[in-house]
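> Mind having a look at this structure? Questions to follow.
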Amino acid sequence: MIINFRIKQLFFDQPKVVKAVDRARRQVLIEAGAGIRRTARASIRKHKGKRNRNVASKPGEPPFSHTGLLRRFILFGYDNQSKSVVVGPLRLHGSVIAEVLEHGGTATVTRVERGRRVRRRVRIAARPYMNPALDKELPKFPELWRDSIKRA
């Protein structure tokens, strides 16, 4: 009976260990999500020219911020159910422009021409900002995990 109790203590399914691992996982993933969000937001800059603010960034470079909405609405969240973190822009008013900027594609844009609104479908080349942010933060992940599980 005593031997059986000692063997049970050697396994990692003890509630104390599971609780410490869950706490560490949550904290590390939150820090990773915050880092990716910070890097993605920093990559989206305002256009430096004052005369023509509607200039687009070059394909392959992060998009310029014209209104600040894209930068402001890049968020992250920890999902307790799947024990994972999700980082990315919110879909504003049903718009897919954030996704089109990241991967490229077509989108419908509305412009005012000669005093009236005109809707056109335009092809937009990829201007990735989320994947480069992940790639930049990825080497930092092992350091986030180092010594993350503390003894209780």
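> Ranked from highest to lowest mean number of other Cβ atoms within 10 Å per residue, what is the order of the peptides 117-125, 25-33? Don't skip to the answer; put the middle values down first.
Working: 117-125: 10.4, 25-33: 17.0.
Packing proxy ranking, top to bottom: 25-33, 117-125.
> Say R0 is 41 Å: what FRET efficiency, to the nearest 0.05, do residue 149 and residue 126 get from their beta-carbon distance? Walk me through the numbers before you get to the answer.
Values: r = 39 Å, r/R0 = 0.95.
Here the calculated transfer efficiency is 0.55.
> Run the simple label-point estimate for residue 119 and residue 135 please: 7 Å along Cα→C-beta, distance reported in nm.
3.5
> Search the structure for amide H atoms under 5 Å from the amide H of residue 64, placed 1.01 Å from N in the peptide plane, and list their residues when 5 or more places away or on another chain.
So residue 64 has HN proximity to 57.
> Now a separate question. Mean separation of Cα pairs under 8 Å and 6+ residues apart, divided by the residue count of the chain: what relative contact order is that in percent? Before the final figure, lay out the partial values.
Working: 183 pairs, mean separation 41.3, N = 152.
Value for the chain: 27 percent.
> Same structure again: Based on the mean of other beta carbon atoms within 10 Å per residue, what is the order of 37-47, 99-109, 140-150, most packed first?
Details: 37-47: 17.4, 99-109: 15.4, 140-150: 11.8.
Top to bottom by mean Cβ count within 10 Å: 37-47, 99-109, 140-150.
> Among 83/150; 16/83; 16/140, which pairs are too far apart, with a Cα-Cα distance over 23 Å? Spell out each step's value before the answer.
Details: 83/150 19 Å; 16/83 18 Å; 16/140 28 Å.
The pairs that break the limit, which is 23 Å between Cα atoms, are 16/140.
> Next question. When the helix-only estimate is applied to the chain (DSSP H runs of n ≥ 4, each -39,500 (n - 2.57), divided by the residue count), what is the mean residue ellipticity at 222 nm, nearest 500 deg cm²/dmol?
Numbers: 6 runs with 62 residues, N = 152.
-12000 deg cm²/dmol, from helical runs alone.
> Based on Cβ point charges of +1 for Lys and Arg and -1 for Asp and Glu, what charge dipole magnitude is obtained for the chain about its Cα centre, in debye rounded to the nearest 20? Let's see the in-between values first.
Details: 35 positive and 12 negative charges, 195 e Å.
Magnitude of the dipole: close to 940 debye.
> How compact and how long is the chain, expressed as Rg and Dmax of its alpha-carbon atoms in Å?
Values for the chain (Cα only, Rg and Dmax): 22.7, 89 Å.
> What do you get for the angle between helix 15-43 and the principal long axis of the chain? Use alpha-carbon atoms, 0 to 90 degrees, nearest ten.
20
> Moving on to the next point. Given labels modelled 7 Å from the Cα in the Cβ direction, how far is it in nm from residue 90 to residue 48?
Reported label-point gap for residue 90 and residue 48 is 3.2 nm.
Rule-based calculations on the coordinates, nothing more; no lab input. Values in this document were obtained by computation on a predicted structure and should not be read as measured data. Note: ideal-geometry Cβ built from the backbone for every residue, glycine included; neighbour counts use all protein chains shown.
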